[in-house]
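The values are calculated or read from the model by the stated rules, or taken from the named source; none is laboratory data. All of these numbers come straight from a predicted model, not from anything done at the bench. Note that each Cβ is placed from the backbone with ideal geometry, even for glycine, and that neighbours are counted across all protein chains shown.
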Amino acid sequence: MSAVTAAHAPALTVADPTFGDDWWQRGVVYQVYPRSLQDTDGDGVGDLPGITRRLEHLRDLGVDAVWLSPIYPSPGLDVGYDVADHSAVDPTYGTMADFDALVAAAHGMGLRVILDLVMNHTSDQHRWFTESRRSRTGEYADWYIWRDPSGVDRRGRPRPPNDWQSFFGGPAWTWEPAREQFYMHTFLVQQPELNWRSPAVRDAQMTMIRGWLDRGVDGFRLDVFNAFFKHADLPDNPPIRDPRRWHGRGAYFRQEHLYDKDQPELHDWLREFRAVVDERPGRMTVGEQFSGTGVTGALPFVEPRHLVFDFRTIETPWSAAAWAESQRVQDQGYVGDTWPTLVLSNHDRSRQVTRLREGRHVRGLDQDALAKAAAVLLLASRGTPFLYYGEEIGLGDSAIPRRDIVDPPARQSLLQRLWAPWWNRDQCRGPMPWTGGTGRGFTTGRPWLPFASDSGTRNVAGQDGDPRSVLATYRALLALRRASPALHVGASAPVAEGPDVYAWRREHDGEVFLCAVNFTDRETAFTLPGTGGEGRAWQVRYDSVDPVRTEPLPAPGSVAMRPLEALVLEPR
Ligand code: NOJ
């Protein structure tokens, strides 16, 4: 194989056996925040026809699937994660015909489509809830988690059933005068929690899921799936008394969440859900572990074709030792039928180049160099990578003054002085800059959020064709990964674990790669191990500093790694 440059492999069609039913394990998923990829009607908000228009970019990038954050009708209080109808498309984004066109176009290019299912809660505007809150009797009466008060307080007001708290601040219970009962909500008051113990709720949700599968959807991301079940008796969560163990600001983070998530009933539910999804072959799912306990908490809920976001990688700081530890935890945890996810950014967290540059460990790193080195960690490690739109051009956060925040939970957390972790998620949701011109090729109108400040120069058109760009790095690494089973399904083992360099080996069926990242902004000597083959040197397959480097590297032998240089090597 020759050194990989910006050239990229032709896309496969969905039916192509190369990435058959196990594409969820071999492939790479690209997350689109629909409001921010491409606007086609000038309202400043991205839409489905816009996503369809940009599918060629995704095909040329070399990803395998596109995950759409919620596209359903929503009052927008949690910017789409408060769903008013799970079976329809929000008119802001287009029509069901636009959705069908998107799926057909994606499939024609070999791209799968994954929908974001928000099934822990609905919007309070969902018909199920407007019916349910009306009275204690009726078809929808028990579709949400309703409870009588536990008593009255000193002023005679009803007291919530237990001590549970909302993740977004305040109690997890809100009083409904019409029923004279409380309803539960882990998130906003306007996001009432569904009662998954009701067979009618289960049936309605499975019907909705089948409906999307019938439309050709290839998989689902499950929002906060480990919160679907609460303990049937709703006991109090024990308080965490030691402030050193508080895991955030606010009452939610001062409790052990023993009873409001991670309940054993989830296992049966997952089996039932997977059986429905498995009615069609090759469909994948990934569950978001909410407020979880990392890899340990995720493992019991990982199954073939069902992954879990444990967020280990998104929470790892920019340090060779920390990455080595993260990979060790993942490699040792996800064995047998289980398989890890790799995530550096999403719609809830600061984008990686912003977050990692501001980290405790090193500050002020070069944005492009950091983006490329991080790309090697993401795309050459063991697991299924999930890329967040804009990551492929090294996009950072948009600067949004506190007074201009759009994200309601972030505004609420600001008012309640709970300024973490729901701080200004708008920053990572800025529109995609396609060109350097007015509206950045994203919109002809006023964008709903500001672009990143450097979008005049950091945009897709500006990087396209430049072999040294972040975009070329992503294309090259995705092509190399696609062509190399060792990089997608291979075993992984550490070779160097810091303090400056983290290096690891990938291997499958005789194919071997050595990957190394210099985490420092200094030149650093690194000793390359032998290749395992008598007299064989290392051949550079990818070098983040010099993408056209071809000279062999000694094996064993010392190599001077340049600041933030990342290498992918193969025995010659
Ligand atoms: C997790 C989602 O990622 C986040 O954006 C949302 O606010 C909460 N779930 C509630 O749905």
TODO: May I ask you to say which residue of 98, 116 is under 17 Å from residue 32 (Cα atoms), under 23 Å from the mean Cα position of the chain (by Cα) and buried (at least 16 other Cβ atoms within 10 Å of the Cβ)?
DONE: 116
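Tell me which residues, restricted to region 12-46, are at pLDDT below 90 and surrounded by fewer than 21 Cβ atoms within 10 Å (Cβ to Cβ).
Hits for region 12-46 are 12, 13, 15, 16, 17, 18, 20, 21, 22.
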Task: Test: residue in region 264-279 that is within 16 Å of the ligand (Cβ to nearest atom) and closer than 18 Å to residue 22 by Cα - done: no
TODO: Scan region 52-88 residue by residue and report those that are of a type in the set (A, V, I, L, M) and touching a Ser or Thr at 6+ places or on another chain (Cβ under 6 Å).
DONE: 83, 84
Open item on the list: If I filter region 499-522 down to residues being assigned to a loop (DSSP other than H, G, I, E, B) and not hydrophobic (A, V, I, L, M, F, W, C), which single residue comes out as surrounded by the most Cβ atoms within 10 Å (Cβ to Cβ)?
Closed with: 520
Open item on the list: For region 525-534: of the residues being under 26 Å from residue 366 (Cα atoms) and in contact with a Pro (Cβ under 8 Å, 6 or more places away or on another chain), which is surrounded by the fewest Cβ atoms within 10 Å (Cβ to Cβ)?
Closed with: 527
Task: helices (runs of 4 or more DSSP H) completely within region 30-126 that count 2 or more residues being away from the ligand (no atom under 16 Å from the Cβ) and charged (D, E, K, R) - done: 55-61, 96-108
TODO: Filter region 415-448 down to residues that are of a type in the set (A, V, I, L, M) and surrounded by fewer than 21 Cβ atoms within 10 Å (Cβ to Cβ) and give me whichever is farthest from the ligand (Cβ to nearest atom).
DONE: 415
Task: Flag if residue 496 is of a type outside the set (Asp, Glu), more than 17 Å from residue 331 (Cβ to Cβ) and not in a helix (DSSP H, G or I) - done: no
